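**Q** Quick one: the structure is below, and I'll ask about it shortly.
Just so it is clear, none of the values below were taken in a lab; they were calculated from the coordinates. Bear in mind the structure is a predicted one, so any value in this text is a computation, not a measurement. All Cβ positions, even for glycine, are placed from backbone atoms using ideal geometry, and neighbour counts span all protein chains on display.
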Amino acid sequence: MKLAVLMSDYRTGSDIVDRLSAEKLGIIFVGNGVYHAAAKEGGKASAILDKKANYYALTEDFETRGFTAAHLDSRVKAVNYGDVVDLIFNDYEKVIWL
């Protein structure tokens, strides 16, 4: 199964993501979830970024919070709304929201 996970909360821990199993996993950070892609606590990136997955962050949401693409972790690709729609309809079979 190809699974896309929309993460909209920064406090949602990696424990939930660790329990997910898919042949292809895509994590799309939206809303406050973009902090996983850009913020560091204690100098460390979010533990969610340690999972084997493709990572995306919604440009409109990280820019609203004062970040630029340069702030994103190198494992995260900046995407716009159109890109998110394309990912959901073309690359993933199922979508969940955390």
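**Q** Given the DSSP H assignment, sum -39500 (n - 2.57) over each helix run of at least 4 residues in the chain and divide by its residue total; what's the result at 222 nm in deg cm²/dmol, nearest 500? Walk me through the numbers before you get to the answer.
**A** On the way: 4 runs with 21 residues, N = 98.
Rounded to the nearest 500, the figure is -4500 deg cm²/dmol.
**Q** Could you list log10 I(q)/I(0) for the chain at q = 0.13, 0.21 Å⁻¹, which the Debye formula gives when each Cα is one point scatterer?
**A** Debye output, listed in q order: -0.38, -1.04.
**Q** Using label points projected 7 Å from each Cα along Cα→Cβ, tell me how many nm separate Glu60 and Asp73, to one decimal.
**A** Spacing of the two 7 Å Cα→Cβ label points: 2.5 nm.
**Q** I'd like the projected area of segment 49-89, averaged over all directions, using the convex hull of its alpha carbons. Report it in nm² with one decimal. Walk me through the numbers before you get to the answer.
**A** Details: hull surface 12.4 nm².
Reported value for the Cα convex hull: 3.1 nm².
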